[in-house]
Amino acid sequence: MKQAALEVKPPGSASFRMPLDPLPFRIGRSPENHLVLRDNRASRSHAVIRRDGPDLLVEDVGSRNGIDVNGVKEISCVLRHGDVIRFGVDDSYELTFLKEDPPAAVTQAHQGGLRKLRSMLEVARSLQNALSIDQVLTSVVDAALEITNCDRGFLLLTAAEGLDIRIARQSGGRALKEDLGIPAKVLHQALRSRSELLSMRFDSGVSGLDSSILSLAVRSVVCVPLIKVRAGDLSETALVGTIADTIGLLYLDSRSHHAELTTTSRDLVQSLAIEASFVLENARLLEEERTKQKMEQELRIAQTIQQDLLPEAEQYPRTGWLRAAGLSIPSRLVGGDYFDILPAGDSRFDIVMADVSGKGVSSALLASLLQGAFVISTAEQIPPAVILDRLNRFLLGRTSGEKYATVFLASIYRDAPMQWANAGHCSPLVVRTDGQVFDLAPTGMPVGMLDIGAWKDAALQLERGDLLVLYTDGVSEAMNARREMYGVERLVASLRANREMDVADLIQEVKTGIAAFTGGEAQRDDLTLLILRYIPD
């Protein structure tokens with residue numbers, strides 16, 4: 001008995017015939033089905049055709065949109081010759097049931113089967129053993145030529161100027177030296193088409209053909225768009241895409257005869273296009289990973305350099321009339337916070353803390369520039385307000401107001417009042433031995449914003465045992481999982497409760513308190529803290 005078949009009409013593509021073999025014959029989006037519906041609106045398992053005595057039945061297997069037979073919603077229906085099956089949505093697949101399939105179609109489906117199988121095995125071997133992306137893509141093009149019996153094959157990738165040829169091959173597994181020669185409009189028709197596979201025939205005597213096609217004497221063309229894919233579940237890949245989804249094109253043509261496009265050939269070529277898309281996507285992800293690793297390596301080097309610019313533990317004054325301890329924890333590998341403490345003779349220390357706007361490398365570079373400018377300025381022993389004016393002009397000349405910084409500057413004297421200025425920085429805290437706490441409010445705007453800024457110097461006579469605490473907003477704005485901020489109040493409470501501690505122990509106590517409050521949550525800003533104790537002779 002002759003075999004029944006389906007005339008399959010995909011959306012936007014030419015029809016093809018598929019024998020109903022084996023039975024039950026499963027239909028759906030999953031690649032395990034006998035007929036794969038490459039439409040995301042179809043269910044993974046949508047319908048099944050099975051034998052019921054002398055008849056064939058089509059049944060809905062619990063799909064999302066159901067099935068229609070001749071325009072009527074059905075759960076189960078006996079099929080008659082010419083019945084049209086649809087899948088519950090417009091513009092999707094349309095299947096026409098044919099009671100008898102012509103013998104020629106069966107014969108055609110089996111012609112060259114071993115040749116096509118050998119081609120697919122070569123691609124599989126290439127995927128496993130190839131040392132380069134081009135080797136795999138070459139195997140894909142060679143296999144497509146073997147399956148379709150075409151003469152030439154090109155794999156083209158989208159570029160800024162159109163399409164660039166990546167692989168050019170001719171039948172027999174040989175490299176191709178000649179140019180493509182096909183007009184761009186033919187290729188862009190394939191790219192713009194929503195069909196899975198675009199095939200065109202150019203028979204002799206047809207008028208209106210492009211002169212370049214006539215000169216090449218091309219009889220048929222097969223184009224398969226390469227669609228952006230997610231490297232993961234193949235069954236979720238939608239090949240019915242738009243031009244925005246397209247990364248390239250698998251182009252095949254034949255001069256001596258029409259391309260062999262049986263149902264099997266179509267499925268195999270489309271599978272090769274998917275494989276090429278995955279290869280290209282994996283190559284892109286690999287290149288991204290390599291770039292990311294290189295950038296992270298460079299950032300780690302930058303982090304090391306930036307940390308080296310901060311005072312080392314042995315550089316903090318541990319004995320004498322001023323004691324100090326500090327820490328800086330960037331929210332990223334590198335940050336925009338900076339602080340320093342520089343001795344200027346036996347009876348003076350110059351201190352600075354700065355917080356550059358923004359995050360990452362640009363802020364870190366600017367913080368390093370500020371350090372150099374600070375070191376040069378303090379060497380001249382000029383007032384803090386004058387230094388801030390210089391820093392303002394320095395930043396404006398290099399960033400045109402796009403970057404700014406908050407800065408606190410002070411000169412602490414053993415036998416004279418501290419001279420200080422605050423350019424919009426978090427107000428430093430002074431903690432007295434009796435627990436009294438007050439802050440040093442800004443005396444001017446941040447530097448680098450405007451060329452009309454003005455800063456005032458202020459003076460404060462520190463008392464024996466006083467703590468001077470400098471911090472950035474990464475301390476006060478540290479957040480926990482409930483999006484609550486640590487706040488200045490908690491910082492003050494911790495400092496007041498532990499004010500008799502050595503400064504090195506005190507700064508660790510504050511750090512531990514912040515860590516306990518945030519509970520290990522990633523922070524948005526750099527955390528920088530400097531604590532000094534004034535103990536004159």
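The values are calculated or read from the model by the stated rules, or taken from the named source; none is laboratory data. Since the model is a prediction, treat every value here as computed from it, not as a measurement. For neighbour counting, all protein chains shown are included, and Cβ atoms are generated from backbone atoms with ideal geometry for every residue, glycine included. Remember, those area values only see protein heavy atoms, side chains included, never the ligands or the DNA or RNA. Shrake-Rupley method; radii C 1.70, N 1.55, O 1.52, S 1.80 Å.
Residues of the stretch 45-60 that are closer than 9 Å to ILE27 by Cβ and either in contact with a Cys (Cβ under 7 Å, 6 or more places away or on another chain) or in a loop (DSSP other than H, G, I, E, B) (or both): SER45, HIS46, VAL58. Only residues that are touching a strand residue (DSSP E or B) at 6+ places or on another chain (Cβ under 8 Å), β-branched (Val, Ile, Thr) and assigned to a loop (DSSP other than H, G, I, E, B): list them for the stretch 415-464, please. Scanning the stretch 415-464 gives a single hit, THR443. Residue pairs whose Cβ atoms lie under 9 Å apart, sitting 6 or more positions apart in sequence or on different chains, and linking a residue in the stretch 329-340 that is under 9 Å from LEU527 (Cα atoms) and hydrophobic (A, V, I, L, M, F, W, C) to a partner that is surrounded by fewer than 20 Cβ atoms within 10 Å (Cβ to Cβ) and modelled with pLDDT of 80 or more, are ILE329/LYS511; ILE329/GLN523. When the test is whether a residue is open to solvent by 30 Å² or more (accessible area, probe 1.4 Å) and farther than 20 Å from VAL78 by Cβ, ALA14 passes it.
Yes or no: the stretch 390-410 includes at least one residue that is part of a strand (DSSP E or B), surrounded by fewer than 19 Cβ atoms within 10 Å (Cβ to Cβ) and either aromatic (Phe, Trp, Tyr) or at pLDDT below 95 (or both). No, every residue in the stretch 390-410 fails to be part of a strand (DSSP E or B), surrounded by fewer than 19 Cβ atoms within 10 Å (Cβ to Cβ) and either aromatic (Phe, Trp, Tyr) or at pLDDT below 95 (or both). Of all residues in the stretch 497-537, those satisfying the criterion of being open to solvent by 20 Å² or more (accessible area, probe 1.4 Å) and under 24 Å from PRO417 (Cβ atoms) are ARG499, ARG533, ILE535, PRO536, ASP537.
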